[in-house]
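Trainee: I have a structure I would like to understand better, so I am pasting it below and will then ask my questions one at a time.
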Amino acid sequence: MNCMRCKRKAVFELRYSGHWLCRKHFIELFERRVKKNIRQGKLIEKDDVVLVGLSGRKDSMVVLKILNDIMRVNPNCRLVAVSVDEGIRGKSLRGAIKYCESIGVEHRLVTFKEYFGLDIDDVVEKVESDCVPACSVCGVLKRRLLNDYADKIGATKVATGYNLDDEIQSAFMSILGGDLQSIGRLWSGTGVLRRRSFIPQIKVLRECPEEEVQLYAKLMKLPHTKSRCPYARTSYRTTVRDLLNSLEKNHPGSKYQMLRSSDEFAKIMGTQLGRKHPGECSLCGEPSSGKKCTTCQLIEGIKVLP
Ligand code: SF4
Ligand code: ZN
Ligand code: ZN
């Protein structure tokens, strides 16, 4: 097939619009869409200090590249890439660190060991034997570490690599689980509530399907790790992902329709959530709906395990 814009050889079909595009026009469309999302949502403003959580996987590398393209022309903005070393065997952040050096972006490495005094490898046996999946521990601790770091460097935004597929999977899982408040947290007006501040979370790829993020990373030759974490398992999310992919295959455009619907719903739920002021964790002082926050409960739980 040929590109619908220039008649050169096409590399990709946008099935939801029926358009075939060549390398050049696919890259143009992808970047235009991300930049439009940033502009319309006012995701980046002058004097912003943006923290990007850099895992080394395709999504975060794409976010870093595009934010750097936009922010480097503004000397008042600061972009900081932060990678978390969870202490997982075989994981390498070398490619991510080298990429930051090559494009001149400030990079920080933070480790679970230094911050929480534990490695995921070290605790995984204890945790698994206690029937708690490693990801539940790792996800909560990683979120806390990145949020604390954002606070520490005075970040005004935290950029995540969530793409369209991640967003609708989360929304769908919340609906299936009857957890409507979680949908509210997907609303783009949400962020990280800290003791004294509120740091908005920005999702610059939320209009981009996962396979397009993957293709963009490949075409731009962005170094990214493809190896799977040894603790990643076939999860409920994988089942939901397969379900939504099959829906999109048979009914192209379904993913975008679902994003629009969940946005409408999230806006209503998010506004309600915004009015509620949670209490404080008795141990760390962070906002928490219970006496102790999830992070403190987890750490306490792990430390008492034999
Ligand atoms: Fe952590 Fe799970 Fe991701 Fe591995 S797959 S890095 S354990 S959250
Ligand atoms: Zn073309
Ligand atoms: Zn706490």
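Trainee: Residue under question is S102, and the condition is that it be of a type in the set (S, T, Y), at pLDDT below 85, away from ligand 2 (no atom under 16 Å from the Cβ) and surrounded by fewer than 20 Cβ atoms within 10 Å (Cβ to Cβ); does it hold?
Mentor: It is false that S102 is of a type in the set (S, T, Y), at pLDDT below 85, away from ligand 2 (no atom under 16 Å from the Cβ) and surrounded by fewer than 20 Cβ atoms within 10 Å (Cβ to Cβ).
Trainee: With the checklist (1) modelled with pLDDT under 90; (2) away from ligand 3 (no atom under 16 Å from the Cβ); (3) not in a loop (DSSP other than H, G, I, E, B) in hand, flag the one item R228 doesn't pass.
Mentor: (3)
Trainee: Okay, next question. Of all residues in segment 70-102, which are touching a Leu at 6+ places or on another chain (Cβ under 9 Å) and without any contact (Cβ under 8 Å) to a residue 12 or more places away in the chain?
Mentor: Within segment 70-102, none qualify.
Trainee: Pull out all pairs, ordered by first then second residue, where Cβ-Cβ is under 9 Å, the residues are six or more apart or on different chains, the first lies in segment 273-286 and is at pLDDT 85 or above, and the second is acidic (D, E).
Mentor: So the pair list comes out as E280/E286; L283/E300.
Trainee: I would also like to ask the following. Can you name the residue in segment 291-306 that is part of a loop (DSSP other than H, G, I, E, B) and modelled with pLDDT of 85 or more and is also surrounded by the fewest Cβ atoms within 10 Å (Cβ to Cβ) among such residues?
Mentor: So the first thing to find is which residues in segment 291-306 are part of a loop (DSSP other than H, G, I, E, B), and the list is 291-293, 305-306.
Narrowing the set further to residues that are modelled with pLDDT of 85 or more leaves 291-293.
Details: K291: 12, K292: 16, C293: 23.
Within segment 291-306, the match that is surrounded by the fewest Cβ atoms within 10 Å (Cβ to Cβ) is K291.
Trainee: From the residues in segment 46-64 that are charged (D, E, K, R), touching a residue at least 60 places away in the same chain (Cβ under 8 Å) and more than 18 Å from E211 (Cα to Cα), which one is surrounded by the most Cβ atoms within 10 Å (Cβ to Cβ)? Give the steps one after another, and end with the answer.
Mentor: Quick first cut of segment 46-64, residues charged (D, E, K, R) only: 46-48, 57-59.
Applying the additional criterion that residues be touching a residue at least 60 places away in the same chain (Cβ under 8 Å) yields 47-48, 57-59.
Subsequent filtering for residues that are more than 18 Å from E211 (Cα to Cα) retains 47-48.
On the way: D47: 9, D48: 20.
Among those that are charged (D, E, K, R), touching a residue at least 60 places away in the same chain (Cβ under 8 Å) and more than 18 Å from E211 (Cα to Cα), it is D48.
Trainee: Those residues that are within 26 Å of E45 (Cα to Cα), within 16 Å of ligand 1 (Cβ to nearest atom) and of a type outside the set (A, V, I, L, M), I need them from segment 77-117; list them, please.
Mentor: S83
Trainee: If L67 meets every condition in (1) touching a residue at least 60 places away in the same chain (Cβ under 8 Å); (2) more than 28 Å from R260 (Cβ to Cβ); (3) surrounded by 20 or more Cβ atoms within 10 Å (Cβ to Cβ) apart from one, which number is that one?
Mentor: Among (1) touching a residue at least 60 places away in the same chain (Cβ under 8 Å); (2) more than 28 Å from R260 (Cβ to Cβ); (3) surrounded by 20 or more Cβ atoms within 10 Å (Cβ to Cβ), L67 violates only (2).
The values are calculated or read from the model by the stated rules, or taken from the named source; none is laboratory data. Fair warning: this is a prediction, and the values are worked out from it, not measured in the lab. Positions of Cβ are backbone-derived with ideal geometry, glycine not excepted, and every protein chain shown enters the neighbour counts.
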